Structure formats: C-alpha cells, structure tokens
1. Return, ordered by residue number, the residues of region 204-246 whose backbone nitrogen is under 16 Å from a label point located 7 Å along Cα→Cβ of Ser193.
2. Give the carbon-plus-sulfur fraction of the accessible surface of region 122-276 in %, rounded to a whole number; probe 1.4 Å, heavy atoms of protein chains only.
3. At 7 Å along the Cα-to-beta-carbon direction for both Phe301 and Asp68, put a label point, then send me their distance in nm to one decimal.
4. Taking 0.36 nm per residue of sequence separation and subtracting the Cα-Cα distance, how much length would be gained by fully extending the chain between Glu93 and Arg209, in nm to one decimal?
5. Projected onto the charge dipole of the chain (+1 at Lys/Arg Cβ, -1 at Asp/Glu Cβ, origin at the Cα centre), which of His87, Ser351, Ala238 gives the Cα projection farthest towards the positive end?
6. When ligands, DNA and RNA are left out and all protein chains stay put, how many square angstrom of accessible area per residue does the chain have with a 1.4 Å probe?
7. Quote the FRET efficiency, to the nearest 0.05, computed for Thr129 versus Ala32 with a Förster distance R0 of 41 Å and r equal to the Cβ-Cβ distance.
8. Compute the relative contact order of the chain as a whole-number percentage, counting only Cα pairs closer than 8 Å that sit 6 or more residues apart in sequence.
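The values are calculated or read from the model by the stated rules, or taken from the named source; none is laboratory data. As the structure is a computational prediction, the values presented were derived from the model and not from experiment. Cβ placement follows ideal geometry from the backbone for every residue including glycine, while neighbour counts extend to all protein chains displayed. We work out accessible area using only protein heavy atoms, side chains counted, and drop any ligands, DNA or RNA first. Shrake-Rupley method; radii C 1.70, N 1.55, O 1.52, S 1.80 Å.
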Amino acid sequence: MRKAALAFALGALLVALALVYRAARFTSRQVAAPASAPLALDTAGVAVRLAGALTFRTISYQDSASFDAREFSRFQDYLRSSFPKLHARLKREVTSGSSLLYEWRGTDTTLEAILLLAHQDVVPVETGTESRWTEPPFAGHIADGYVWGRGALDDKGNLMAVLEAVERLIADGVTPRRTIYLAFGHDEEVGGSHGAARTAALLASRGVRLEFVLDEGGAITTGLVSGLSSPVALVGIAEKGYLSLELTVQAEGGHSSMPPPQTAVGILGAAVARLEAHQMPRHISGATAAMLDYIGPEMAFSRRLALANRWLFGGLIAHQFGATPSGNAMLRTTTAPTILAAGVKDNVLPSSARAVVNFRILPGDSVAGVLAHARGAIDDPRVTIRVLSESAKEPSPVSPVGAESFGLLQRTFRQVAPGVIVTPWLVVGGTDARHFDALTPNVFRTGALGLGPADLGRIHGTNERVAIADYARNITFYIQLMRNSAL
C-alpha cells in the first residue's frame with residue numbers, strides 16, 4: 001500500500017511538473033512593433049463624408065426584385081465627388097451592374113497584388129423599430145462623438161476608410177510598388193453571388209494572383225474576450241459554412257375535434273426537438289485552437305496553465321468556452337430552427353407542416369456531413385429533409401498564421417494601437433472574402449473599428465454607430481497596412 005501511494009504521489013508530481021513546464025513554454029506570440037508616427041487627419045471632414053455615405057439606402061433584400069440599382073448609382077456618384085484624387089488615379093470598373101473594382105497599378109508587376117474588400121450594401125431596418133433609434137438610421141447624423149446610421153459598422157465604416165486611406169496616400173505623392181485592388185460588392189448581405197463572386201471570377205480570368213485578401217470580419221474589441229482586460233484585435237482566418245434544411249411533413253387533415261395520435265405539427269415539432277437535443281460535436285481545432293494559442297500566453301497563470309495543457313484540460317476548456325452562444329459557435333456546427341409554418345385555422349388539422357433549420361458549419365465539417373447528421377438525429381421516414389441548395393456553402397479554408405501577411409497584420413495593429421493583443425479567430429458569420437479563396441491561401445478578415453459588448457447588437461440591429469475616434473484609427477490602419485505591404 002505504501003509503495004502504491006508513493007508511486008501515485010510520484011506520478012502526480014511528474015504530471016504537475018509537466019503542466020508547469022508546458023505553461024512556462026507557452027510564451028507570447030505578439031510581435032514587437034514601434035508605434036507609427038502620429039498622422040494628422042481631418043477627423044471632422046472624414047466623419048462628415050462617412051455620415052454622407054450613410055444617407056444612401058443601399059439595401060439588400062432577400063427579394064431581389066426590391067433591389068434599387070439607382071440608389072447604388074447615386075452612392076457611387078457620391079464616392080466620385082468625395083474622393084477626386086483616387087478617381088483620377090485608379091482604374092475603375094463597374095462589375096455585375098453595381099459592384100466596384102479599382103486597380104492602383106504598382107511599379108513592380110512581378111509582385112503579387114493585394115486586395116482590400118468591403119461592401120456597399122446594408123441590411124434593412126426592421127419595420128416598426130425606426131422610433132427606437134436615437135438618431136434616424138438613414139439621416140447620417142453626427143452626435144456625441146459618433147457617426148450614426150445603418151452601415152456605420154457593417155460595412156461602410158470600412159469601405160469609406162479604405163477610400164480615405166488611398167486618397168490620403170495619393171495626396172502625399174505615393175505610388176505603390178505592389179498593385180492594390182479595391183473591390184466593393186453590392187450584395188454581400190444576401191451571399192455575394194452576383195457581386196464578389198463574379199469579381200473574383202473576373203480577376204481569376206485575368207490571371208491575377210494575390211499576396212493576401214483583407215475583408216471585414218474582425219475589429220479591435222474591448223471586454224469581449226474573457227480573461228483579458230487589454231484590447232484584442234481579432235483577425236479572422238476562416239469563416240463558417242452555411243446550410244439550411246427544409247423539413248416537411250404530410251398528414252391527413254381534418255377537424256381538430258378528432259385528431260390522430262400524432263399530427264403533422266407534432267411530428268415536425270418532435271423532429272426539430274431531436275435536432276436541438278442532438279447537436280453536432282464540439283471541437284477545439286483550426287481557427288479556434290489558433291486563437292487559444294495566441295490569447296493564452298497573455299492571461300493569468302491559472303488560465304495559461306490550462307490553455308497550455310489542452311491534452312488534459314481540453315474538455316473543461318470546451319465546456320467553459322462553449323457556455324455562451326458566441327463561444328459555442330466557435331466550437332461546433334450550430335443548429336438553429338428559424339422558420340415554422342403550418343395550419344390556417346385553430347380548429348383545422350393541417351395537412352402539411354414545414355420548418356427550416358439553419359446550420360453554421362465549422363471548418364472540418366461539411367454540408368454532406370451535416371445532412372447525414374440531421375437524417376440520423378431525426379430518424380423518422382415521415383419527415384422529408386431537403387437541402388435549400390441556394391444556401392449551401394462549405395466552410396472556408398483556414399488561412400495560415402505562419403504566413404508573412406498575417407505577421408504584417410499583427411505588426412500594423414501594434415503600430416496603430418500600441419498594446420493591443422492580436423489574435424486569429426473564427427468568423428462565425430459570412431463575408432465576401434470566401435469568394436476569393438482560389439486566388440490566394442492568405443484570406444483575412446479584420447479592421448480597426450472598435451467593438452464592445454454593447455456594440456454587438458448594433459450590427460444589423462438598432463442604433464448602429466461608430467465612434468469618430470475609432471473611425472479615424474481605422475483610416476490610419478489602412479494607410480499603415482498599405483505602407484507596410486505595398487509601398
């Protein structure tokens with residue numbers, strides 16, 4: 001017994017030493033970079049131009065018949081008048097009717113180009129919520145240090161910042177060595193199949209290869225990463241796939257006074273409940289694993305110890321990280337019933353019932369895998385399962401954090417926002433960037449706008465706004481990025 005106890009104690013000591021050793025070797029991955037020289041910006045002027053951009057109702061609707069091409073044309077006229085130097089210097093093309101592609105030709109054509117993306121379109125304001133806005137959503141008001149309006153964060157705050165940056169560099173007499181493309185889609189909010197997808201195909205047909213692509217999908221966050229008090233710049237290195245499944249049930253209708261043991265509604269409800277009860281498994285992998293590798297060394301020792309030893313604490317980490325909807329979304333393919341439809345009257349048994357369930361697919365999973373999982377979880381031949389084919393999108397590849405261009409983004413962030421912690425992360429929504437995967441393995445999603453907990457509901461929600469100081473920093477970020485990568 002004494003020998004067994006001694007052996008157990010020795011084993012526990014060895015494990016403890018191994019844990020501490022791994023934690024000691026779990027060192028910071030942040031790059032050292034001196035702060036960039038202060039840049040004098042006309043902050044009042046840039047704010048006014050952004051506010052003007054927010055007055056245009058460049059809205060994407062699910063019903064394409066509602067698309068207002070004239071409003072997009074008016075917005076593009078506004079861009080011409082707001083950025084005269086850029087439009088005099090860069091080659092400009094209108095693609096697919098309303099998307100924009102600019103080329104700033106570099107002096108060294110042997111260098112692969114870079115591509116900066118943003119999108120012109122915005123989501124509608126939900127009918128009946130207009131009165132809840134502190135400032136009207138399409139008035140372009142500036143108040144209390146913010147520019148208010150639909151699109152301030154998603155995504156005109158990036159689009160206008162890119163244009164401001166190029167206009168400033170041209171005014172400073174700059175000519176890039178590396179060619180810089182700017183591409184601004186018109187239908188990102190409904191998938192980008194007519195805008196960004198066709199722009200990507202056009203560039204591919206011209207033999208364009210890119211050093212890297214940068215799109216929306218990240219920000220400088222405060223208070224969003226548990227365990228870190230410092231601001232954290234999130235750089236998306238992958239995004240989730242997308243799939244909607246339609247579930248339908250056919251049954252005998254009739255009078256509700258004589259119902260069968262299971263109605264169409266009951267059968268469908270049970271199927272949806274089984275999908276929610278049998279979620280796809282969690283994984284700490286890919287972009288999420290990379291994120292933990294980058295933020296872990298910046299945390300207090302207890303958290304650093306756990307994150308450095310995921311071989312032992314992986315289950316606990318996944319449980320704690322996945323306790324919130326945002327954390328759970330980074331660990332698994334999520335399941336979200338979004339539409340239920342059946343019945344026409346309270347005393348009539350419906351002869352059919354329909355549901356739509358949306359899945360956001362984790363890199364490593366697939367459309368086919370999700371479909372197989374759904375069929376196995378429902379396991380009921382009375383439920384017909386159909387892929388809404390227009391929705392099906394595989395997850396993006398995971399861009400390498402070892403790429404020179406990822407290091408360049410790290411350095412740029414550290415120059416314009418000293419002390420910020422830069423980390424890769426998984427974008428749980430969708431962006432136009434996915435359409436450009438064939439042109440480069442280095443596809444990133446980020447920017448230097450600020451986001452805190454209270455701002456998450458503003459994106460696609462009420463009171464969308466951007467702080468003028470954050471917007472100015474975003475312009476500085478793009479200027480510094482182009483200086484670092486292309487000049």
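1. The answer is 242-246, whose backbone nitrogens lie closer than 16 Å to the label point.
2. So the carbon and sulfur contribution to the accessible surface is 50 percent.
3. Simple spin-label model gives 6.1 nm for this pair.
4. 39.9 nm
5. My answer, from the dipole projection, is Ala238.
6. Heavy-atom SASA per residue in the chain reads 44 Å².
7. So, using R0 = 41 Å, E works out to roughly 0.35.
8. Value for the chain: 25 percent.
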